[in-house]
Amino acid sequence: KNPILTASGTFGFGEEYTPYMDVSSLGGIGLKALTPYKKLGNPTPRVVETASGMLNSVGLQNPGVEAFKHSILPRLTSLSTQLIANVAGACIEDYLKVIEALNDTEIALYELNISCPNVKKGGVQFGTDPVSAYEITQQAKKVAKKPLFVKLTPNVTSIAEMAKAVEEAGADGVSLINTLTGMAIDPVKRKPRLANVVGGLSGPCIKPVALRMVYQVAQAVSIPIIGMGGIMCGQDVAEFMIAGASAVMVGTASIASPDAPYRILREFEAFLEEQNIGSARELVGTLQVG
């Protein structure tokens, strides 16, 4: 219904935010990552505030796909918006198990998480190698009964090369960017502030990188792009769409303020009205260079 979605891992399963905003007003919800079996995630501390952002090393904590399917998903069907399942795992078989478990449910879209920097196995190991990314996308596409988007990591030499690889493998779209790998140090204790030592950097500090990568990918592929990375206001949404994104995901802003996606939606609508733009689609890929 509109291009404002929430980013996986920052919005729980959506129901946690219903006391703070009308979740059904959003275009879609990016659900917390799901794996075949329950994961407790990484040891604490696993969240650290940084200048203009935050580091996290949560480690894909989730109840497992079957528990989600039977205990949580039935409650989410009352939300009048699209449900996007973020699919994760340690090997290709894990990803396929999650997809197969959700194929005959109300899930609208799969987001293949091959870009998480906070797990020892899986995740980013697929997202940094075009051959591996192609293989897992191709296998997932064979079993998926819903559209399949692939979430790309910025921690690569060429984001466009990764996007082209998953497009050739059959991906229906891509979402980018996931977090940048970073760390924080306590100079007094001389120890890392995260128990996992490194984590994923998100928030306004990564927006320039995200915009550049969305623009580069838009020049390289013809499939739709969901853009994300430091979106904090309605004009940020416009920037990502002008760069080539057809929709956006709001992430860290929701942690700073739980009603952020709703506020950003209203600000974006006001921007369109002020600029006499009839439809958000008119913005997509309209950057004037030179």
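The values are calculated or read from the model by the stated rules, or taken from the named source; none is laboratory data. Given the structure is predicted, the values throughout are model-derived calculations rather than measurements. Methodologically, a virtual Cβ is constructed for each residue, glycine included, from the backbone with ideal geometry; neighbour enumeration extends over all protein chains shown. All accessible areas refer to the heavy atoms of the entire protein, side chains included, with ligands and DNA or RNA removed. Shrake-Rupley method; radii C 1.70, N 1.55, O 1.52, S 1.80 Å.
Computed with the Debye formula from one identical point scatterer per Cα of segment 119-193, without solvent, the log10 of I(q)/I(0) at q = 0.21, 0.23 Å⁻¹ comes to -0.87, -1.00.
When the chain is treated as a GNM with alpha-carbon contacts under 10 Å, the residue of Val87, Val143, Val250 showing the greatest mean-square fluctuation is Val143. For segment 63-172, the mean projected area of the C-alpha convex hull, equal to one quarter of the hull surface, is 6.7 nm². Within segment 5-142, the percentage of alpha carbon pairs spaced more than 25 angstrom apart rounds to 27%. Residues of segment 260-290 with amide nitrogen under 17 Å from the 7 Å Cα-to-Cβ point of Cys233? Correct set: 260-275.
The antiparallel fraction among DSSP beta bridges confined to segment 1-106 stands at about 45%. Rounded to the nearest whole Hz, the Karplus-based 3J(HN,Hα) values (6.51 cos²θ - 1.76 cosθ + 1.60, θ = phi - 60°) of segment 79-86 follow the sequence 7, 8, 7, 7, 9, 10, 8, 8, with x at glycine and proline.
Karplus-derived 3J(HN,Hα) values for segment 5-15, using 6.51 cos²θ - 1.76 cosθ + 1.60 with θ = phi - 60°, are 10, 10, 7, 4, x, 10, 10, x, 10, x, 5 Hz; glycine and proline are entered as x. Of all DSSP-defined beta bridges confined to segment 99-211, some 45% are antiparallel rather than parallel.
Taking every DSSP bridge with both residues inside the chain, close to 35 percent are antiparallel.
Rolling a 1.4 Å probe over the heavy atoms of the protein chains gives the chain an accessible area of 43 Å² per residue. Which lysines does Lys145 reach when only Cα atoms under 18 Å apart count, and residues fewer than 8 places away in its own chain are ignored? The qualifying lysines are Lys69, Lys97. Using the average count of surrounding beta-carbon atoms within 10 Å as a protection proxy, the listed peptides 253-262, 12-21 rank, highest first, as 253-262, 12-21.
Multiplying the residue separation of Asn2 and Asn276 by 0.36 nm and subtracting their alpha-carbon distance yields 96.9 nm. Ellipsoid semi-axes for segment 151-290, based on the Cα gyration tensor and the rule √(5λ), read 28, 21, 12 Å when sorted largest first. For Lys207, a cut-off of 18 angstrom between C-alpha atoms picks up these lysines, skipping any fewer than 8 places away in its own chain: Lys151. Partner aspartates and glutamates whose Cα lies under 17 Å from the Cα of Lys142, excluding those fewer than 8 positions away in the same chain, are identified as Glu93, Asp94, Glu100, Asp104, Glu111, Glu167, Glu168, Asp172. For the chain, the carbon plus sulfur part of the accessible surface works out to 52%, probe radius 1.4 Å.
Relative contact order for the chain using alpha-carbon pairs under 8 Å, separation at least 6, rounded to a whole percent? Don't jump to the answer; show the numbers that get you there.
Details: 682 pairs, mean separation 54.3, N = 290.
Reported relative contact order: 19 percent.
Considering only Thr137, Val209, Val197, the residue lying farthest towards the positive end of the dipole of the chain is Val197, judged by Cα position with unit charges set on Cβ. If the chain linking Glu100 and Ser25 were pulled fully straight, counting 0.36 nm for each residue of separation and taking away their Cα-Cα distance, it would gain 24.1 nm.
Rounded to whole Å and sorted largest first, what semi-axes of the equivalent ellipsoid does the C-alpha gyration tensor of segment 169-219 yield via the square root of 5 times each eigenvalue?
Details: eigenvalues 197, 34, 8 Å².
Three semi-axes, in Å: 31, 13, 6.
Per the Debye formula with a single identical scatterer at each Cα and no solvent contribution, what log10 I(q)/I(0) holds for the chain at q = 0.08, 0.12 Å⁻¹? Rounded to two decimals, the profile gives -0.30, -0.71.
Is it possible to state the helix-based mean residue ellipticity at 222 nm for the chain, with each DSSP H run of 4+ residues giving -39500 (n - 2.57), the sum divided by total residues, to the nearest 500 deg cm²/dmol? What is it?
Numbers: 9 runs with 87 residues, N = 290.
Dividing the helical sum by the residues of the chain leaves -8500 deg cm²/dmol.
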